[in-house]
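Any read-out appearing in this document is the output of simple, stated calculations on the displayed coordinates, not a laboratory observation. Bear in mind that the values here come from a model prediction, so they are computed numbers and not experimental data. Reconstructed Cβ throughout: ideal geometry from the backbone, glycine too, with neighbour counts over all protein chains shown.
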Amino acid sequence: MIESLEKMEMDMRYETERLELEVFSSEKALQTLQFYLDNRELFEEYEPEHGDEFYTEKYQRDLLQCEYNMTVKSAFVRFWVCKKGGDGQILGTVSLQNIRRDAFQSCELGYKFDQRFWGEGYAQESIEKCLWVAFGELGLHRVEAQVLKGNLHSKKLLYRLGFEPEGVKKQNVKIHGKWRDHELYALLSSYGHG
């Protein structure tokens, strides 16, 4: 069978030493809503603005259902990160976006973590597992990450993970009415992940 048509197998839940990574169903809408509400000011500094509708249980339920359906089709994967054996509080989220097959075999890495848990190594631990899924389970060749120029924490994290800078995407995203540049980083499966 042609490689681009093969369905790669992926689980909906993974574990690391300290964490659980899970693709949530729509039943977890209240949990994801609380995560976004707790971090609204921080996240909106780096992302396009969300309307007030985004911060409702209904919107989160619909979004989770849409993302779940995209995961089943291997077009997108969002893992919600919680402590292993914890109370279910969301620490962050790691995603593989815009999964491209055929000659590309690539995707974009996305991540955001509750600022109350920064400095604990949870982002690196969960992203390492997500990269293992990308290269091993999904058979991808290339993972890209885009970072706003001033986001030093993300840049340091990507360097620790082995990503290399590739250039600047000028006026890439409109955030709060201004076109912002992003620095582009990439990691290849030949780096030792797959």
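So the values come out like this:
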{"read-out": "Residues of type lysines that Lys178 reaches as a straight line, Cα spacing below 21 Å, ignoring anything fewer than 8 places off in the same chain", "value": "Lys149, Lys169, Lys170"}
{"read-out": "Estimated FRET transfer efficiency when R0 is 30 angstrom, pair Phe43-Ser190 (beta carbons, to 0.05)", "value": "0.35"}
{"read-out": "Full-stretch length increase - Asn98, His153 - with 0.36 nm per residue and alpha-carbon distance subtracted", "value": "17.4 nm"}
{"read-out": "In the range 41-97, GluC sites (Glu not before Pro) in a DSSP loop with at most 12 other beta-carbon atoms within 10 Å", "value": "Glu49"}
{"read-out": "Whichever lysines have a C-alpha closer than 20 Å to that of Lys28, once near sequence neighbours (fewer than 8 apart) are set aside", "value": "Lys58, Lys83, Lys84, Lys112"}
{"read-out": "Label-point separation, Asp52 to Ser74 (7 Å along Cα→Cβ), nm", "value": "4.3"}
{"read-out": "Difference of contour (0.36 nm per residue) and Cα-Cα distance, Lys178 to Glu120", "value": "17.6 nm"}
{"read-out": "Value of [θ]222 nm, deg cm²/dmol, for the chain, DSSP H segments ≥ 4, -39500 (n - 2.57) each, nearest 500", "value": "-8000 deg cm²/dmol"}
{"read-out": "Residues with amide H under 5 Å from that of Phe24, placed H, sequence gap 5 or more", "value": "Trp80"}
{"read-out": "Contact order normalised by residue count of the range 10-191, Cα under 8 Å, 6+ apart, percent", "value": "19"}
{"read-out": "Net charge over other residues, Cβ less than 15 angstrom from the Cβ of Leu161 (K, R count +1; D, E count -1)", "value": "-2"}
{"read-out": "Spin-label pair Cys66/Val168, simplified geometry with 7 Å Cα→Cβ offset, distance in nm", "value": "3.2"}
{"read-out": "Kirkwood Rh in Å, taken over the range 36-108 so that all alpha-carbon pairs contribute", "value": "14.2"}
